[in-house]
Amino acid sequence: APIMADEKITAADTPGLEPSDERWRRILDGTAKIFWKLGIKSVTMDDVATRQGISKKTLYQYVTDKNDLVDRVLKHLSFCYKCDIDAVRAGKDQNAIDESYAITTTVAGQLQGIHPSVHFDLEKYHPVAFRNMVENKQREIHECITDNMARGIREGLYREDLNIPMIASIYIARFDMVFDGELFPPDKFNMHDVHWELFRYHVRGIASKKGLDYLEKKLTKERVHA
């Protein structure tokens, strides 16, 4: 979700973002929507400027070239997405399974509508920006999954014999596989649906009897209200 206009933005918060520069924030948000809808390779700097009603001169006040723009957009989105996840994790009146479900809902929403070529375009044409994004996301996922499993064990919802570091690494490997276009071609698999299957597969594998019972009741309840 985009940062709201009344929030204070600093360069430390979003690398490459000028302090309190709302115009640049709007350009980043708009560019992300263009990339996510159309893909990255096919979109030119002229397209980015024209679709947002700005001049290329304005765009080049902030970035040196398209690769720089892609890198800035990814950093901006990573910051926004992390804010969304942190807000979910800070929620009250939820257990470990509730938290995992809420995070999956948020992430699935973020992935909804992304052009199927985006992952391929990033990996092939912007490898440095892509690798930085992946490494940063892996660290965040590892921390989130590790904390969630420790919490679930304390609550009796997950098995006590879990090898947390190993399972966290396995989860990251599975999460990365979701974006593999050869394993999950977009004409056969919906990324949103694949991500939900990953959630169910993960929780069923680590849940205790108590956790499995809770998961089934929660999934049944959510289906009823869907």
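Residue by residue through the stretch 57-71, note down the ones that are farther than 24 Å from M133 by Cα and open to solvent by 80 Å² or more (accessible area, probe 1.4 Å).
K57
Within the stretch 53-77, residues that are over 15 Å from I34 (Cα atoms) reach partners that are at pLDDT below 95 and assigned to a helix (DSSP H, G or I) with beta carbons closer than 6 Å, at six or more positions or on different chains, in the pairs Y62/W24. A search for C-beta distances below 6 Å between a residue of the stretch 114-134 that is farther than 15 Å from D71 by Cβ and any residue that is surrounded by fewer than 17 Cβ atoms within 10 Å (Cβ to Cβ) and at pLDDT below 90, counting only pairs 6+ apart in sequence or on different chains, returns P116/P186; F120/G181. Checking each residue of the stretch 186-200 against the condition of being within 18 Å of Q94 (Cα to Cα) and open to solvent by 50 Å² or more (accessible area, probe 1.4 Å) gives at least one match. At pLDDT 95 or above and within 17 Å of the chain's Cα centre (by Cα): does that describe A207? Criteria not met by A207.
Hey, among the residues in the stretch 165-179 that are within 23 Å of T105 (Cβ to Cβ) and without any contact (Cβ under 8 Å) to a residue 24 or more places away in the chain, which one's surrounded by the most Cβ atoms within 10 Å (Cβ to Cβ)? Checking each candidate, the answer is V178. Within the stretch 109-126, being more than 19 Å from P185 (Cβ to Cβ) and open to solvent by less than 60 Å² (accessible area, probe 1.4 Å) holds for G109, Q110, H126. In the stretch 30-46, the qualifying residues are those that are under 21 Å from the mean Cα position of the chain (by Cα) and farther than 14 Å from H126 by Cα, and the one that is surrounded by the fewest Cβ atoms within 10 Å (Cβ to Cβ) is K37. I need the full set of residues from the stretch 91-120 which are at pLDDT below 95, not in a helix (DSSP H, G or I) and not basic (K, R), in order please. Across the stretch 91-120, the qualifying residues are G91, D93, Q112, G113, I114, H115, P116, S117. Condition test on L77, is it within 21 Å of F120 (Cβ to Cβ) and out of contact with any Ser or Thr (no Cβ under 8 Å at 6 or more places or on another chain)? For L77, the condition - within 21 Å of F120 (Cβ to Cβ) and out of contact with any Ser or Thr (no Cβ under 8 Å at 6 or more places or on another chain) - is met. Answer with yes or no whether K75 is open to solvent by 30 Å² or more (accessible area, probe 1.4 Å) and either among the aromatic types (F, W, Y) or within 25 Å of W196 (Cβ to Cβ) (or both). Judged against the criteria, K75 is not a match.
Have a look at V70, V107, V88 and point out the one that is more than 22 Å from A168 (Cα to Cα) and aliphatic (A, V, I, L, M).
Working: V107 fails: more than 22 Å from A168 (Cα to Cα); V88 fails: more than 22 Å from A168 (Cα to Cα).
Answer to the selection: V70.
What about F130, is it aromatic (F, W, Y), open to solvent by less than 40 Å² (accessible area, probe 1.4 Å) and closer than 30 Å to V203 by Cα? It is true that F130 is aromatic (F, W, Y), open to solvent by less than 40 Å² (accessible area, probe 1.4 Å) and closer than 30 Å to V203 by Cα. Inside the stretch 202-225, residues that are assigned to a helix (DSSP H, G or I) and either in contact (Cβ under 8 Å) with a residue 12 or more places away in the chain or open to solvent by less than 50 Å² (accessible area, probe 1.4 Å) (or both) make up a count of 11.
The values are calculated or read from the model by the stated rules, or taken from the named source; none is laboratory data. Fair warning: this is a prediction, and the values are worked out from it, not measured in the lab. Here Cβ is always computed from backbone atoms with ideal geometry, including for glycine, and neighbour counts include all displayed protein chains. Just the protein is used for accessible areas: all its heavy atoms, side chains included, with ligands, DNA and RNA removed. Shrake-Rupley method; radii C 1.70, N 1.55, O 1.52, S 1.80 Å.
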